[in-house]
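The structure appears right after this line, and notes come after that.
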Amino acid sequence: MENFVYSTPTKVYFGKNEELKVGKLIKKYDAKKVLIHYGGKSAKASGLLDRVKKCLEEEGIAYVELGGVVANPVLTLVREGIELCRREGVDFVLSVGVGSVLDSSKAIANGVANPEVDVWDFSLGKASPKRTLRKGAILTLAAAGSEMSNSCVITNSETCEKRGYGSEFNRMDFAIENPELTYSVNAYQTACGAVDITLHTIERYFCAGSDTQLTDAIAEAVIKTVFKAGKECIANPNNYEARANMMWGSSLAHNGLTQCGRVTQLIVHQFEHEVSGLYPQVAHGAGLAAIWCSWARYVYRANIPRWLQYASRVWNVDIDFEHPEKTIEKAIDLQEEYYASIGMPTNLRTLGVREEDLERLALGCSRNKTRKLLGDMPLAYEDILAIFHKAF
């Protein structure tokens, strides 16, 4: 087991009607003015936004609003939010919505608090935040795990670059998680969420490391629980227990718990960021589903024992010790069948990706052939391009 530091400073308020506490929670931080950041029409149409405003007004807390966050949050809106916060004297950012809204909120909070740095430099790795604004979240979709993670992913529409960075300043001070707020999420977005949650953990499961039995057991439980809950949520959108398991799984999958003792880089996420950076209409979870099985088939021979453990414990495949590759391939096939069963794509063509763009995607993922992706089988440009072709 590798050395690690585990910290989850975000305080979670989980359950029915917890969003009604938001005014009192923010007041504890002595906030004078709040930016309410949200996405499209759903926050307004559901009445959630009005309830949030009423909670703030009851505590005498001033606020300004900024909506318009899209599925892959864009730098232009982040810059607009930074200017709005500076002009209005905002000292607290409240995210109301899905993971993209949370990431946009994180970027705004970091940009306001570090005026000497261009906010895009954080995404490019040219600078790191030294401070941030206080921030909280009311979650309306179980997927990205941004409510408890230290990551922030933003898209630069001008350059078609989608880049993420990790920082402890990206942590939310609190996250409100009411599973009832996810009842209205449609089947496609629910399925995308199940893919994203499970791959946050599956990708960590296959990072370098050994002797991580407890971490493995926690990871396996998260994966199996969310696979099951995802199907149940699609079949019955108002199933509170299924929605609750999805929501809690989202937080546990991306708060660092399922990587303790392992060296972490989310490889398939790196592939997908290139896809949805160039094709912003692609939902993140769908892009992951389209790539994962091809990546798995390309790399699994580099660590047969690990993949056998996954096949046995997650997919309940009996191990064929004479032909271990058949066992692993059966597990990958079962995962591919699961994706198809919940309406997720299993190739890039389905998402409208053009074959002539695959080289551009591989160049971006390899940073113009200057980096290899980590793992039991390090992936250089040629490997990345081959996986993109397999996934096409």
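The values are calculated or read from the model by the stated rules, or taken from the named source; none is laboratory data. Treat the numbers as computed from the prediction; the structure is a model and nothing was measured. Counting neighbours? That spans all protein chains shown, and the Cβs are built from the backbone with ideal geometry, glycine included. Heads up: the accessible areas ignore ligands, DNA and RNA and are worked out on the full protein's heavy atoms, side chains in. Shrake-Rupley method; radii C 1.70, N 1.55, O 1.52, S 1.80 Å.
Taking label points 7 Å from Cα along the Cα-to-Cβ direction, N186 and K228 give a separation of 2.9 nm.
Bridging of K27 to lysines at a Cα separation below 18 Å is possible for K11, K53, K54, K135, once same-chain residues fewer than 8 apart are set aside. Each Lys and Arg adds +1 at its Cβ and each Asp and Glu adds -1 at its Cβ; summed about the Cα centre, the chain shows a dipole of about 900 debye.
FRET efficiency for the pair V117 and C160, taken as 1/(1 + (r/R0)^6) with r the Cβ-Cβ distance and R0 = 22 Å, rounds to 0.45. Pairs of lysine residues in the stretch 254-392 that meet both criteria, 8 or more places apart or on different chains and Cα atoms under 25 Å apart, total 4. Calculate how steeply helix 48-58 sits against the longest principal axis of the alpha-carbon atoms of the chain, using the helix alpha-carbon long axis, and give the answer as 0 to 90 degrees to the nearest 10. Taking Cα atoms only, the helix is inclined about 40 degrees.
How many percent of the accessible area of the stretch 113-261 is carbon or sulfur, using a 1.4 Å probe? Mind dumping the intermediate values first?
On the way: 2630 of 5090 Å².
Roughly 52 percent, rounded to a whole number.
Here the dipole of the stretch 163-247 is about 240 debye; that uses its Cα centre as origin and unit charges on the Cβ of Lys and Arg (positive) and Asp and Glu (negative). Taking the square roots of 5 times each eigenvalue of the Cα gyration tensor of the chain, largest first, gives ellipsoid semi-axes of 34, 23, 19 Å. In this simple spin-label approximation, A62 and R131 carry label points 7 Å from Cα along the Cα→Cβ vector, and these lie 2.0 nm apart. Placing pseudo-labels 7 Å out from each Cα toward the beta carbon at I319 and D357 gives an inter-label distance of 4.2 nm.
Packing-based ranking of 12-25, 248-261 yields 248-261, 12-25, ordered from highest to lowest mean Cβ neighbour count within 10 Å.
Of G23, N238, A43, which is farthest along the charge dipole of the chain in the positive direction, counting Lys and Arg as +1 and Asp and Glu as -1 at C-beta? My answer, from the dipole projection, is G23.
Helix 75-88 and the longest principal axis of the Cα set of the chain meet at an angle near 20°.
On average, how much accessible surface per residue is there in the stretch 1-121, in Å², for a 1.4 Å probe, leaving out ligands, DNA and RNA? Don't jump to the answer; show the numbers that get you there.
Values: 5640 Å² over 121 residues.
Heavy-atom SASA per residue in the stretch 1-121 reads 47 Å².
Taking the charge dipole of the stretch 65-130 about its Cα centre, with +1 at Lys and Arg Cβ atoms and -1 at Asp and Glu Cβ atoms, the residue from V98, W120, V70 reaching farthest to the positive side is W120. Between 0 and 90 degrees, the angle of helix 187-205 with respect to the longest Cα principal axis of the chain falls at about 70 degrees.
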